[in-house]
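Quick notes on the structure that follows.
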Amino acid sequence: LGAFDEHRCVATFRSFAQEITAVGGTPVPADAVSNVTVTPTHRRQGLLTRMMAHDLKAAKDRGDVVATLIAAEYPIYGRYGFGPATWATEWTVDVPRTGLDPRWSGPDDGGRIDLVDGADVRKLGPELHERLRRTQPGAVSRDDRWWQTNTGAGLLDRTPWTEPFYAVYRSATGEVEGLVSYKADDHWPDKQPHNTAEVNWLITVAPAAERALWHYLCSIDWITRVKSGFRAPDDLLPLLFPNPRAARITAQADWLWVRVLDVVRALQARAYAGSGTLVLEVVDKAGLAGGRYRLEAGPDGASCAPTQEDAELTLDVGELGALWLGDESAVRLAALGRVREQRKGAASVVDALLRTSRRPWCPDVF
């Protein structure tokens, strides 16, 4: 979408089809929002509001369950019903302090690590990523264009590109279980190497692969620091080292935002470790997903339907988006005044139903 003043484009808005993995592994159709801009000359004229309303209505009409985005600025998207559903953390690893064996020459589990090129990644990566996103709440789909662009094969002529390094981990049976893309600088103060390996992305489907690829990155000659890229806040990375303090958090922020468009399908799509019944009052100023809903959930599945029963918990649709993947706590939101208990203890019931043992994570930016 674009907004024009005479012949000049003054605002842009792009969305595209996506799937996001719900808790339990179900892929859910999503409307991914990106490339949102408004020029400084045309702020506060309602351009983004009009484009957002147009896009979200179209997404709901075609059957998308949620909308997603990565927010460049925190204060903007809450007013459109989005809530921060995943967070991300970046670590900087001081390699000499990790306690890892500097003589390490490869995994001791029968697996192996090989350097590969972009063509290999385009062959191996899509299947590996599909395996990851079937088990990782918050992960989103990657189409062929993603793999082309992120390996330098599908760039526009004006896009600068420096070929990164790629490494693949194969298990003892030869199965691909991990891939990493990274770059390295070349910094030699006082004739001493002080170089940094910076991870572009690292995906694995087994702890052995994750452990081996991080150990590999920390064993590269002349590399004294490793920047992890954005990982899940409860990533295994620091605890993989004999000295976890060698990994210092250098960035932490909200990441994937979710806007629920269909409450019934969103709550029925995800899995629940515990059992319970709850009546929610969802407030949605845009009129897309508001109403009162009765959720009955358990390990064998869930049902959700509109109801006239008295609400036990009232919340904005944005807070529901923050809770949906299991990362946020309703008890915490109640303490902040962002959800209201109509029945004492209802927030604790929500947490018992929705929260997950591992935090959701979205490996992508879009």
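The values are calculated or read from the model by the stated rules, or taken from the named source; none is laboratory data. Just so it is clear, the model here is predicted, and its values are computed rather than measured. Only protein heavy atoms, including side chains, enter the accessible area calculation; ligands, DNA and RNA are left aside. Shrake-Rupley method; radii C 1.70, N 1.55, O 1.52, S 1.80 Å.
Summary table
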| quantity | calculated |
| --- | --- |
| D190 vs. criteria acidic (D, E), assigned to a helix (DSSP H, G or I), over 23 Å from T162 (Cα atoms) and open to solvent by 20 Å² or more (accessible area, probe 1.4 Å) | yes |
| Candidates P233, P242 - the one that is part of a loop (DSSP other than H, G, I, E, B), open to solvent by less than 40 Å² (accessible area, probe 1.4 Å) and at pLDDT 95 or above | P233 |
| Positions within segment 125-147 being open to solvent by 60 Å² or more (accessible area, probe 1.4 Å) and assigned to a loop (DSSP other than H, G, I, E, B), in sequence order | R134, T135, D143 |
